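This report refers to the structure that appears directly beneath it.
The values are calculated or read from the model by the stated rules, or taken from the named source; none is laboratory data. Everything numeric here is computed off the predicted structure, so don't read it as measured data. Ideal geometry is used to build each Cβ from the backbone, glycine not excepted, and the neighbour counts take in all protein chains shown. These accessible areas exclude ligands, DNA and RNA; they are computed on the full protein's heavy atoms, side chains included. Shrake-Rupley method; radii C 1.70, N 1.55, O 1.52, S 1.80 Å.
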Amino acid sequence: MLGFLFVLGLDTGGFQQIILKIAQEYELSYSRMSGLVTVKCISNFLCILVFGPISDRIGKKYILLCASGIFSGGCILAACTHTFLFTATAIIVIGMAFGICEGLSSAVLADAFPDQRERMLNLSQGLFSAGAVSGPLLVTAVMRGAGVDWRREFYILAVLMAVLFVLLLVVPVPGYVQAAEKAVRKENEKKAFGGIPVKIIGVLFCAMLLYSGMENGLGYFIDTFFVHQYDAAQLSTFALSGMWLAMFLSRLICASSKGKHECVVLWSLTILIFLSIGLILAKASMSAMLICVLFGAAFGPVWPMLISFSVREAPAYSGTITSWMAAGSSIGASVFPLLMGSAADLLGDIRYAAGVLLVLAISAVVVFGFYLMKRENIRV
C-alpha cells in the first residue's frame, strides 16, 4: 500500500510539473490548463464514490487490482498520444484509477492497523509526499535528454504501477470486520447509511474539500506562478519539490507523535491563512519559494488526519467512508484550481489566484472549528 501511494505521489508531483508544458504545447489558456486538472479530479471522485462502497462488500483487493491495471493503461495512452483530445482522455482514465487506488490504499491500512490508524495514515501520506517530491525532479531529469518531452514520465509510471499490480496478486489484504461482527454489520446494512454518522462525517467532508482546494490549487499553479509572476522558471521545480519535501517531513513527524491531533490540524489550517497572505504580498522569487516550502509543512498533517478522524467514527465501513472523503478531496481539487485559473484570466494577474487560497484557508478554519465544537452533538 505504501508503494501504491508513492507511485500516486510521483504522478501528482510530476503532473504538477508538466501541466504548463502541456498547456504550452497545445496553446491552452489558464482556464483550459486548469480544466485538465478538473477533468482528472472529476473522474477521480466519481469512480471512488461508486467503487468505495462496493469494496466493503466484495473486497478491496479486487478493486485495487482493476484500478492499478487501468492506471497503467491510461499512462501508456498518455505517453503515446500527440493530440489534445487523446491527452485529455488519458488524463481522465488516470484520474479514474487514481482516486480508487489512493482511497482504498488508505482504507486497507486503516483496516490492518486499527490501533495505529493516525500513525499509519500519516506514514502512508508521507510516502505519497515522497513520491510527489521525486516527481518534479524525475520530470526535470528526464526532459533534459535530447528529444525527450513530458510524455516519458507516463511510461515510467505505467511500469511502476504494473509492478505493484503483480505484487498485489500475491499479497493477502486483511479486512476490518471479523466473523463475529458480520451479523451486526448485515443488520446495519438494512438501514440507510446504517452505522455511519453522516452529519459529523459531512463536516469533515467539507473541511477536506476546502483543504484539497488549497493543496492542489497551489501545487498546480506553482510552475505558472514562478514563470509568469517572477520570470524564474528555474525556481519552480525547487519550490514544488520543496513543498512536497516539507509535507513529507511533516507527515513523518506526525506519524511518530502522540499529541492531540485535532489541535495539530487546527493550527496547520490557521498557519495557512498567514502563508496565503505572505504569498500574495511576496515581491521576490526567493521569498515566494520559501513560502511554498512552509505551505508544504502546514499541509502535511491535514489530509491523513481528516481521513483518520472520519474512519474512526465507523471503522467497519472504511471503504465507504474513505471513498466519501476522497471524493471531497477530488471535488476540491477539481473546482478550486479551475476557479484560480479563471480568476487569473479575468483579472489579468496570476497573483489573484493566490487570493483564492486565502479565502479557502479562512473557510477551512471555520469549518474545522465547527467540527471541534460540535463533534459530540452532531452524531447521527
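Quick one: would you say VAL37 is modelled with pLDDT of 85 or more, in a helix (DSSP H, G or I) and not small (Gly, Ala, Ser)? So VAL37 fails the test. Of the residues examined, ALA132 is not one that is over 20 Å from VAL302 (Cα atoms), hydrophobic (A, V, I, L, M, F, W, C) and in contact (Cβ under 8 Å) with a residue 40 or more places away in the chain. Could you check, for the range 232-250, whether at least one of its residues is within 21 Å of GLY355 (Cα to Cα) and surrounded by fewer than 24 Cβ atoms within 10 Å (Cβ to Cβ)? Within the range 232-250, one or more residues are within 21 Å of GLY355 (Cα to Cα) and surrounded by fewer than 24 Cβ atoms within 10 Å (Cβ to Cβ).
Which residue, of ALA183, ALA207, is assigned to a helix (DSSP H, G or I), touching a helix residue (DSSP H, G or I) at 6+ places or on another chain (Cβ under 7 Å) and either open to solvent by 20 Å² or more (accessible area, probe 1.4 Å) or at pLDDT 80 or above (or both)? Only one candidate qualifies: ALA207.
Residues checked against (1) open to solvent by less than 40 Å² (accessible area, probe 1.4 Å); (2) outside any helix (DSSP H, G or I); (3) modelled with pLDDT under 90:
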residue: HIS82; (1), (2), (3): no, yes, yes
residue: ILE92; (1), (2), (3): no, no, no
residue: SER129; (1), (2), (3): yes, no, yes
residue: GLY135; (1), (2), (3): yes, no, yes
residue: LEU138; (1), (2), (3): no, no, yes
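When SER236 is tested against the conditions (1) in a helix (DSSP H, G or I); (2) out of contact with any Phe, Trp or Tyr (no Cβ under 7 Å at 6 or more places or on another chain); (3) modelled with pLDDT under 85, the lone failure is (2). Each residue in the range 213-223 was checked for being under 16 Å from SER287 (Cα atoms) and either of a type in the set (S, T, N, Q) or at pLDDT below 85 (or both), and 2 pass.
Has the range 42-51 got any residue that is assigned to a helix (DSSP H, G or I) and more than 16 Å from the chain's Cα centre (by Cα)? Scanning the range 42-51 turns up at least one residue that is assigned to a helix (DSSP H, G or I) and more than 16 Å from the chain's Cα centre (by Cα).
Just to be sure before I move on: is LEU357 open to solvent by 30 Å² or more (accessible area, probe 1.4 Å), at pLDDT 85 or above and either out of contact with any Pro (no Cβ under 8 Å at 6 or more places or on another chain) or under 19 Å from MET214 (Cβ atoms) (or both) in the structure I sent? Answer is no for this residue. Summed over the range 1-43, residues that are among the acidic types (Asp, Glu) and within 25 Å of SER323 (Cβ to Cβ) total 1.
Out of LEU10, LEU36, one residue alone is closer than 20 Å to SER212 by Cβ, free of Cβ contacts under 8 Å to residues at least 60 places away in the same chain and buried (at least 24 other Cβ atoms within 10 Å of the Cβ). It is LEU36. In the range 277-284 there is no residue that is of a type outside the set (A, V, I, L, M), in a helix (DSSP H, G or I) and in contact (Cβ under 8 Å) with a residue 40 or more places away in the chain.
Going through (1) crowded, with 23+ Cβ neighbours inside 10 Å; (2) closer than 22 Å to SER124 by Cα one by one, LEU272 falls short only on (2). Residues in the range 274-286 that are of a type in the set (S, T, N, Q) and under 17 Å from ALA233 (Cβ atoms): SER285 alone. If you go through the range 21-33 and keep only what is open to solvent by 10 Å² or more (accessible area, probe 1.4 Å) and assigned to a helix (DSSP H, G or I), you end up with LYS21, GLN24, GLU25, TYR26, TYR30, SER31, ARG32.
Flag: LEU160 matches the condition of being in contact (Cβ under 8 Å) with a residue 12 or more places away in the chain, open to solvent by 60 Å² or more (accessible area, probe 1.4 Å) and not in a loop (DSSP other than H, G, I, E, B).
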